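Below is one structure, written out as structure tokens; comments come after it.
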Amino acid sequence: ATPTAIMVGVGKGAQNNILIKDAESLEMAHKVNAVILDKTGTITQGKPTVADIRWENEVEASILLAIESQSEHPLASAVVNHLKEDQVTSAMITDFESITGKGVKAKAENGQTYYVGSQRLINELGIALESSLETSIDQWQNGAKTVIFFADEQQILAVITITDQIKVSSASAIERLKDMGLEVFMLTGDNQQTAQTVARQVGVTDFKAEVLPSEKADFVKELQQKGKIVAMVGDGINDSHALAQADVSIAMGHGSDIAMDVAKMTLITSDLEYIPKALKLSDKTVKGIR
Ligand code: ADP
Ligand code: MG
């Protein structure tokens with residue numbers, strides 16, 4: 001495309017809530033034949049709220065509050081908001097650490113280490129789940145809820161269920177992408193069952209759950225090695241490697257600064273309808289249609 005056509009394209013993008021950082025990605029976008037969508041915050045609103053906290057053992061909610069207050073994960077803010085509504089006050093903790101793609105941990109004043117995170121994290125700690133709890137977890141996850149755990153080194157202290165609404169436009173945007181002949185994939189660090197329920201609700205058949213941030217980037221690479229031109233759409237710190245690897249990278253406007261820094265395009269309204277619009281804009285720009 002001519003420099004003028006590109007300028008017009010970038011301008012049209014801006015009018016349509018699509019911020020395009022460089023000309024190259026606007027030119028590349030019309031070649032895209034595979035789109036990878038992150039789940040949390042991209043397909044879903046990324047405004048998780050706690051549905052329920054079920055305490056398994058006696059423990060201080062103040063330790064849970066203290067740990068999640070130090071995490072930047074959206075699930076952590078949901079837990080913090082919930083506990084604050086219940087007038088919980090924060091304990092003192094030290095040695096806070098995040099465990100990439102799995103959760104967080106810290107030490108309390110009693111010298112014990114506490115964990116908050118996924119079932120995978122619990123498994124890795126060697127903590128077994130009672131079968132009645134496993135049944136409940138299955139049911140929650142089949143209802144698209146995310147289940148996270150608060151534990152010490154020996155046992156589960158609380159089970160937390162979290163809901164995150166699917167954006168109203170996600171299903172129709174995905175349908176449009178498929179109508180355009182694109183392959184659509186979903187990637188998430190969340191568990192298999194929750195992922196499957198969300199994928200089904202928005203019409204995505206190809207998805208991968210429990211992926212670590214580096215594995216998201218590996219998945220992009222795999223598709224590229226198969227000859228695909230890949231667009232990656234994400235909102236989180238955990239998407240930044242994958243965004244950097246993709247041929248076209250699209251961040252959500254509400255997302256983390258890192259995602260927007262890395263991505264070459266940003267959807268200001270975080271509305272997935274603008275993904276097919278961006279790809280069509282690229283097509284028109286390259287073909288010189290006004
Ligand atoms: P996603 O792609 O869903 O944004 P992440 O890699 O950020 O995935 O997180 C993967 C999983 O790790 C979450 O679904 C959750 O189970 C767990 N997790 C990460 N951070 C936290 C936290 N601060 N509190 C509770 N759970 C967490
Ligand atoms: Mg996300």
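Checked across segment 212-230, the condition of being of a type in the set (A, V, I, L, M, F, W, C) and farther than 28 Å from Glu24 by Cβ holds for at least one residue.
Filtering segment 84-103 to residues that are over 24 Å from the mean Cα position of the chain (by Cα), β-branched (Val, Ile, Thr) and assigned to a strand (DSSP E or B) leaves Ile93, Thr94.
Being in a helix (DSSP H, G or I) and without any contact (Cβ under 8 Å) to a residue 24 or more places away in the chain is the filter here; which residues of segment 55-76 pass it?
Ser69
If you go through segment 224-240, how many residues are surrounded by fewer than 20 Cβ atoms within 10 Å (Cβ to Cβ) and assigned to a helix (DSSP H, G or I)? The number of residues fulfilling the criteria is 3.
Could you tell me whether Val59 is more than 15 Å from ligand 1 (Cβ to nearest atom), crowded, with 18+ Cβ neighbours inside 10 Å, under 29 Å from Asp164 (Cα atoms) and over 22 Å from the mean Cα position of the chain (by Cα)? Steps first, please.
On the way: more than 15 Å from ligand 1 (Cβ to nearest atom): yes; crowded, with 18+ Cβ neighbours inside 10 Å: yes; under 29 Å from Asp164 (Cα atoms): yes; over 22 Å from the mean Cα position of the chain (by Cα): yes.
For Val59, the condition - more than 15 Å from ligand 1 (Cβ to nearest atom), crowded, with 18+ Cβ neighbours inside 10 Å, under 29 Å from Asp164 (Cα atoms) and over 22 Å from the mean Cα position of the chain (by Cα) - is met.
Pairs are defined by a Cβ separation below 7 Å, a sequence spacing of at least 6 or placement on different chains, a first member in segment 84-108 that is closer than 15 Å to Ser62 by Cβ, and a second member that is modelled with pLDDT of 95 or more and of a type in the set (Lys, Arg); the pairs so defined are Ile93/Lys107; Thr94/Lys107.
Does segment 183-208 hold any residues that are assigned to a strand (DSSP E or B), more than 16 Å from ligand 2 (Cβ to nearest atom) and not charged (D, E, K, R), and which are they?
Applying the first criterion (assigned to a strand (DSSP E or B)) to segment 183-208 yields 183-187, 206-208.
Right, trim to more than 16 Å from ligand 2 (Cβ to nearest atom) and you get 183-184, 206.
Val184, the sole residue that qualifies.
What is the residue count in segment 104-128 for residues that are in contact with a Lys or Arg (Cβ under 9 Å, 6 or more places away or on another chain) and part of a strand (DSSP E or B)? Final tally of qualifying residues: 5. The residues listed here are Ser172, Ser214; of these, the one that is assigned to a helix (DSSP H, G or I) and within 19 Å of Leu267 (Cβ to Cβ) is Ser172.
Once segment 241-290 is narrowed to residues that are in a strand (DSSP E or B) and in contact (Cβ under 8 Å) with a residue 24 or more places away in the chain, the residue that is nearest to ligand 2 (Cβ to nearest atom) is Met252.
Table: residues versus (1) more than 14 Å from ligand 1 (Cβ to nearest atom); (2) in contact (Cβ under 8 Å) with a residue 12 or more places away in the chain.
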{"position": "Asn123", "(1), (2)": "no, no"}
{"position": "Gln141", "(1), (2)": "no, yes"}
{"position": "Ile166", "(1), (2)": "no, yes"}
{"position": "Ser170", "(1), (2)": "yes, yes"}
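When segment 216-231 is filtered for residues that are under 25 Å from Ala76 (Cα atoms) and either away from ligand 1 (no atom under 14 Å from the Cβ) or in contact (Cβ under 8 Å) with a residue 40 or more places away in the chain (or both), only Lys216 remains.
With respect to (1) in contact with a Ser or Thr (Cβ under 7 Å, 6 or more places away or on another chain); (2) part of a helix (DSSP H, G or I); (3) surrounded by 17 or more Cβ atoms within 10 Å (Cβ to Cβ), the lone exception for Ile162 is condition (2).
Yes or no: segment 22-34 includes at least one residue that is within 16 Å of ligand 2 (Cβ to nearest atom), at pLDDT 95 or above, within 17 Å of Glu183 (Cβ to Cβ) and surrounded by 20 or more Cβ atoms within 10 Å (Cβ to Cβ). Taking every residue of segment 22-34 in turn, none turns out to be within 16 Å of ligand 2 (Cβ to nearest atom), at pLDDT 95 or above, within 17 Å of Glu183 (Cβ to Cβ) and surrounded by 20 or more Cβ atoms within 10 Å (Cβ to Cβ).
The values are calculated or read from the model by the stated rules, or taken from the named source; none is laboratory data. Since the model is a prediction, treat every value here as computed from it, not as a measurement. Reconstructed Cβ throughout: ideal geometry from the backbone, glycine too, with neighbour counts over all protein chains shown.
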